[in-house]
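Take a look at the structure set out below.
The values are calculated or read from the model by the stated rules, or taken from the named source; none is laboratory data. It should be emphasised that the depicted structure is a prediction, and the values quoted were computed from it without experimental measurement. Cβ atoms come from the backbone with ideal geometry, glycine included; neighbour counts cover every protein chain shown. Keep in mind that these areas ignore ligands, DNA and RNA; they rest on the heavy atoms of the full protein, side chains included. Shrake-Rupley method; radii C 1.70, N 1.55, O 1.52, S 1.80 Å.
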Amino acid sequence: MSPKNILNADLHCHSVVSDGTLTPEALAERASLNGVELWALTDHDEIGGQARAAAAARSHGMRYLTGTEISVTFAGQTVHIVGLGFDASNPAMHQGLMATRGGRGQRAMEMSDGLAAVGIRGAYEGALTFVGNPELVSRTHFARFLVETGVCKDTNEVFRKYLTEGKPGYVPHRWASLQNAVSWITGAGGVAVIAHPARYKFTPNEEYALFSEFKAHGGLGVEVVTGSHSTQEYVQYAETAREFGLAASRGSDFHSPDESHTDLGTLPFLPGGLQPVWELLEDRIQ
Ligand code: AMP
Ligand code: MN
Ligand code: MN
Ligand code: MN
């Protein structure tokens with residue numbers, strides 16, 4: 001294994017600026033205590049926490065890369081594209097993310113209507129009590145409300161019964177295009193990474209199309225070691241990274257001490273024989 005692979009990098013997590021429960025400062029402290037050497041905060045469709053995260057990382061002597069996780073619609077499914085090491089003041093990036101967030105308010109009201117139709121009242125107002133950023137109401141906030149009110153025992157159960165396709169609180173939504181998401185990131189000097197590929201329910205042909213089109217648009221990385229993958233999936237997507245000539249990323253996708261099973265900085269190192277995504281970003285590390 002190349003020494004570059006042996007780095008406690010955690011390049012995927014969420015704060016109160018999207019659907020996490022900790023502030024950027026509390027996440028930085030937790031990452032540092034867990035031995036993270038290179039960190040990125042990757043809030044959904046938002047970069048409002050970047051300055052705070054970078055400053056907090058600095059105060060703990062941790063290296064930092066800017067980050068975000070953009071919601072994309074591809075072949076009828078939602079795909080997440082992580083952006084790393086971009087210039088957080090880039091205007092096109094700001095506008096693109098603002099447009100991507102734009103539909104969330106209306107979607108949340110429709111989700112609430114769907115839940116009301118099965119007898120769960122006040123979900124919109126309830127979800128809002130968990131929201132840290134009014135522009136970013138997510139399914140996670142509804143899930144927390146349904147756990148708090150005793151409708152379900154945990155957020156996993158809420159997603160299974162109420163918030164996934166075909167369930168009463170699910171509202172189909174069109175997010176950014178793959179091409180736009182990748183170009184906002186690369187246009188701002190960053191690297192685009194396919195997040196947790198094992199989570200999607202694509203056919204082999206659709207998955208091949210995702211990776212090929214992602215590359216053609218200028219995408220350079222894929223998450224291999226993530227809190228969303230099993231050990232077997234690390235091996236599978238290490239192979240996909242090699243096949244498509246993509247660099248590999250590592251990130252916990254930590255959201256909350258109470259909900260996340262993978263803590264910051266606790267995943268295995270990247271497998272050998274892969275190019276770590278941070279090698280492409282040496283001049284972007286703060
Ligand atoms: P949204 O962007 O509003 O569609 O919400 C997506 C978020 O919901 C993801 O980023 C996860 O944090 C969370 N999520 C999705 N599926 C599940 C699940 N099965 N269990 C728990 N959380 C989930
Ligand atoms: Mn999330
Ligand atoms: Mn994701
Ligand atoms: Mn995530």
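Some points to look at:
- Summing +1 for each Lys or Arg and -1 for each Asp or Glu among the other residues whose beta-carbon sits under 13 angstrom from that of residue 5 gives 0.
- Relative contact order [Cα under 8 Å, 6+ residues apart], the chain, whole percent: 23 percent
- Electrostatic bookkeeping for residue 114 treats Lys and Arg as +1 and Asp and Glu as -1; over the other residues with beta carbon under 13 Å from its beta carbon, the sum is +2.
- The residues packed around residue 275, meaning those with a beta-carbon under 10 Å from its beta-carbon, carry a net charge of +1 if Lys and Arg are +1 and Asp and Glu are -1.
- Taking Cα centre as origin and charging only the Cβ of basic (Lys, Arg, +1) and acidic (Asp, Glu, -1) residues, the dipole magnitude of the chain rounds to 260 debye.
- Evaluated at q = 0.23 Å⁻¹, the base-10 log of the normalised Debye intensity for the range 172-286, with identical point scatterers placed on the Cα atoms, takes the values -1.43.
- Using a probe radius of 1.4 angstrom, the carbon and sulfur fraction of the accessible surface of the range 49-106 is 55%.
- With all protein chains in place and ligands, DNA and RNA left out, the 1.4 Å accessible area ranks 109, 62, 98 as 98, 109, 62, largest first.
- Mean residue ellipticity at 222 nm, helices only, the chain: -10500 deg cm²/dmol; runs of at least 4 DSSP H residues each add -39,500 (n - 2.57), and the sum is divided by the number of residues.
- Think of the chain as a dipole: +1 on every Lys or Arg Cβ, -1 on every Asp or Glu Cβ, centred on the Cα centre; then among 176, 229, 92, 176 lies furthest on the positive end.
- Equivalent ellipsoid semi-axes, the range 104-163, via Cα gyration tensor eigenvalues times 5, rooted, Å: 16, 13, 10
- For the range 104-163: relative contact order, % (alpha-carbon pairs under 8 angstrom, 6 or more apart): 27 percent
- Where both bridge residues fall in the chain, DSSP classifies roughly 45% of the beta bridges as antiparallel.
- Estimated from the Cβ-Cβ distance and a Förster radius of 22 angstrom, the FRET efficiency linking residue 269 and residue 230 is about 0.85.
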